[in-house]
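Working notes, beginning with the structure itself.
Please treat every number below as a calculation from the coordinates, not as lab data. In this text, all values refer to a predicted model and were calculated from it rather than measured experimentally. Here Cβ is always computed from backbone atoms with ideal geometry, including for glycine, and neighbour counts include all displayed protein chains.
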Amino acid sequence: MSVSALSPSRALGGVSGVLPVVLLLGLVLVLLKAAQLYLRRQWLLKALHHFPSPPSHWFYGHKREFQEEGELPHLLKRVEKYPRACVRWLWGTRAFVLVYDPDYMKMVLGRSDPKSPITHRFVKPWIGTGLLLLEGQTWFQHRRMLTPAFHYDILKPYVGIMADCVGVMLDKWEELVSQDSHLEIFGHVSSMTLDTIMKCAFSHQGSVQTDRNSQSYIQAIRDLSHLVVSRLRNALHQNDLIYRLTPEGRWNHRACQLAHQHTDAVIKERKAHLQKEGELEKVRSRRHLDFLDILLFARMENGSSLSDEDLRAEVDTFMFEGHDTTASGISWILYALASHPGHQQRCREEIQSLLADGASITWDHLDQMPYTNHVHQGGHETLSTSTSHWQRELSKPITFPDGRSLPAGILLSLSIYGLHHNPKVWPNPEVRWTWEEEMGPLSTPNPFPCSLSGILIPQCIHVRGLTPNVQALVLSLQVFDPTRFAPGSTRHSHAFLPFSGGSR
């Protein structure tokens, strides 16, 4: 071989010959992708033309409107302006139909369309393929397996455990309000609900509310909830590889690790307890098993049907949903009570009439407080406290009762909050009055008493600690009319959709 064959100039000449080919291929790929996105947008525009919406930007959709006005206030404007449903553009090539009409809801929920793969792809690294993300026959199998964990005979003794957990929280509140009249309750309520589900569903010994290590799990859940929503709305974060390289992606990974460490420790602790001499037979002899024991016994007796991954996915799912959504619901209902002292007083009188002698609350008491139960339902209806949207991807075309239709492949977002605030479904869903008229000026601290089991906690709701978005919504106080849930009230079968309404 000659020296000239290996000269730098010949090597550079070879590289320069390849470079134009690479650039040409790159340009072709970019043009093909641009054509694909253009055709996707044109298809969406044609498919959604029957459903109105405010003007959207070709690139960032309706992002600016929701950022400027806030998520919920802007949604309420849409519910009032556009009957039944409207379109929301996340960006130029992704849009979904917001549905908030009971007839539409009934039709969609009566079908077997799959859940939105986009949302669930982002949630899967966190909670795995548990009951929330499962589809079809596997979903029914897991639900059938876990249903005995919520049998009345299991739930009855949990009332005492729940009361004890609430008592720990209230003791902390009494101590804290003696130091500062303002108390942000959501963190404390989250600790209480996590403590409750750990003891009731996972046979945990000890108190989560006094364990500082559990606070890292609660914070991780808050972070993950925020990160999933943030990612859904960012076009640049849709690719898994790109997202993992971003600061938010690394934050998401760390939070997932913290959440998994907590659930792994719970499973390991329970397995070790069952391996003690005689303990396995003792638990097996029970008429009803708790949630985690059902999963562990299913794994031991028929390991092929429930893998270790399946087991942890169900634990991750119920650990998160069993405490976080419950804490959200409780916090907002306490806010509703604090905002409506008349309803609060009626609840207090009803509960005190049952527990006047200082007795602890029992299962039998629950049927003897109808007004408090109506308040509970009314709080969920008015504030939609747990899950504000259920998402579906149409597997086949659909034609709604008013004649409008959508093709397969369109994303639907069933807005529970929009449904529960739809003036065509719920007359006068909101009455607006100024905070000053009802509670006094914001600059003057106003003692909001709110009660839990008849115990007064002053200033337990502090509107000044809310984000501007939520504060704007809160200051326009909703009607809180629990009598709408009294027996005999007439309403559409799908006018109120509780969190327990079925597959999400």
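Calculate the FRET efficiency for ARG346 and GLU269 from the Cβ-Cβ distance with a Förster distance of 45 Å, rounded to the nearest 0.05.
That gives a FRET efficiency of 0.55.
Using θ = phi - 60° and the Karplus relation 6.51 cos²θ - 1.76 cosθ + 1.60, list the HN-Hα couplings for the stretch 156-162 in order, rounded to whole Hz, with x at every Gly or Pro.
Those phi angles translate into 3, x, 5, 4, x, 5, 4 Hz.
Which entries of LYS124/LYS199; LYS77/LYS424; LYS156/LYS268; LYS396/LYS424; LYS81/LYS115; LYS81/LYS396 have Cα-Cα distances beyond 19 Å here?
LYS124/LYS199; LYS156/LYS268; LYS396/LYS424; LYS81/LYS115; LYS81/LYS396
Take the Cα of GLN67, step 7 Å along the line toward its Cβ, and report every residue of the stretch 89-113 whose backbone nitrogen sits under 20 Å from that point.
89-96
Please identify which residues in the stretch 224-246 have an amide N closer than 19 Å to a label point set 7 Å out from the Cα of ALA34, following the Cα→Cβ vector.
236
Gain in length, ARG491 to ARG244, computed as 0.36 nm per residue apart minus the alpha-carbon separation, to one decimal in nm?
Here the segment from ARG491 to ARG244 would lengthen by 84.2 nm.
Rounded to whole Å and sorted largest first, list the principal axis extents of the Cα atoms in the stretch 43-166.
Cα spread of the stretch 43-166 along its principal axes, largest to smallest: 55, 36, 33 Å.
When the chain is fully extended, how far beyond the present Cα-Cα distance does SER181 get from SER395, taking 0.36 nm per residue of separation?
Separation in residues times 0.36 nm, less the Cα-Cα distance, equals 71.7 nm.
Pull out a ≥ b ≥ c, the square roots of the eigenvalues of the alpha-carbon gyration tensor of the stretch 170-311, then state rounded if a/c is under 1.5, prolate if not and a/b is larger than b/c, and oblate in the remaining case.
oblate
State, to one decimal in nm, how far the label point of ASN428 lies from the label point of LEU45, with both points 7 Å from Cα in the Cβ direction.
Going by the 7 Å Cα→Cβ label model, 4.5 nm.
Going 7 Å from the Cα of PHE140 along its beta-carbon direction, which residues of the stretch 97-125 have the amide nitrogen within less than 20 Å of the resulting point?
Only 107-116 pass the distance filter.
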